[in-house]
1. Is it true that residue 117 is of a type in the set (Ser, Thr, Tyr), surrounded by 11 or more Cβ atoms within 10 Å (Cβ to Cβ), under 20 Å from residue 18 (Cβ atoms) and in contact with a helix residue (DSSP H, G or I) (Cβ under 8 Å, 6 or more places away or on another chain)?
2. Just checking, does the range 95-112 include any residue being more than 13 Å from the chain's Cα centre (by Cα), free of Cβ contacts under 8 Å to residues at least 12 places away in the same chain and exposed (fewer than 15 other Cβ atoms within 10 Å of the Cβ)?
3. Run down 63, 72 and say which single residue is at pLDDT 90 or above, of a type in the set (Gly, Ala, Ser), in contact with a helix residue (DSSP H, G or I) (Cβ under 7 Å, 6 or more places away or on another chain) and surrounded by fewer than 16 Cβ atoms within 10 Å (Cβ to Cβ).
4. For the range 1-25, which positions are within 13 Å of residue 102 (Cα to Cα) and within 13 Å of the chain's Cα centre (by Cα)?
5. Considering only the range 23-75, state which residues are in a loop (DSSP other than H, G, I, E, B), within 16 Å of residue 128 (Cβ to Cβ) and of a type outside the set (A, V, I, L, M, F, W, C).
Amino acid sequence: MSGKILMDGVDVYTTYGVFAIRGSLDDLVKIPSLKVPSTFDWVTSDGDDVDLRNRKVAGSDISLTFLLSGISISDMNTKKDALFAAFKADGWRSINFTTLGITRSMYYQSCESAKFYNAGKKRIEMVLKFRLNAA
């Protein structure tokens, strides 16, 4: 699991015990949306006059599903707090997904859902929402 996701150069598995669940990176391989073009509806002609020159990529939200794992409740909570502190740091996070061979600039928005698993290892499955930088 180590080396698959790096956030600001830090391995999220070895540092925070976090790894992506199979299929959870699907939002990262979508073709991005474009900004809505400028339009004008002339009274003297049919349809719209649409400016399709120099189109720009729109910002977008993505959801990624991660599993955070600790050897104890205390270890799990310490890792969760450290991950949240990293998300709260100033600026955009540069996240390298080595499995996909891509790096994306994004910031954390929210935790859409979380499930706690109290088996041998203590785990939290989290669906996290991020905002992608279009640049």
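1. Working: of a type in the set (Ser, Thr, Tyr): yes; surrounded by 11 or more Cβ atoms within 10 Å (Cβ to Cβ): yes; under 20 Å from residue 18 (Cβ atoms): yes; in contact with a helix residue (DSSP H, G or I) (Cβ under 8 Å, 6 or more places away or on another chain): no.
In short, no.
2. Checking the range 95-112: at least one residue is more than 13 Å from the chain's Cα centre (by Cα), free of Cβ contacts under 8 Å to residues at least 12 places away in the same chain and exposed (fewer than 15 other Cβ atoms within 10 Å of the Cβ).
3. The unique qualifying residue is 63.
4. 5, 6, 7, 25
5. First, pick out the residues of the range 23-75 that are in a loop (DSSP other than H, G, I, E, B): 23-25, 30-33, 35-38, 41-48, 51-56, 58-59, 71-72.
Retained after the next criterion (residues that are within 16 Å of residue 128 (Cβ to Cβ)): 23-25.
If the condition is that a residue be in a loop (DSSP other than H, G, I, E, B), within 16 Å of residue 128 (Cβ to Cβ) and of a type outside the set (A, V, I, L, M, F, W, C), then 23, 24 are the ones that fit.
The values are calculated or read from the model by the stated rules, or taken from the named source; none is laboratory data. These numbers come from a predicted model, not from an experiment. Every residue, glycine among them, receives a Cβ derived from its backbone with ideal geometry; neighbour counts consider all protein chains shown.
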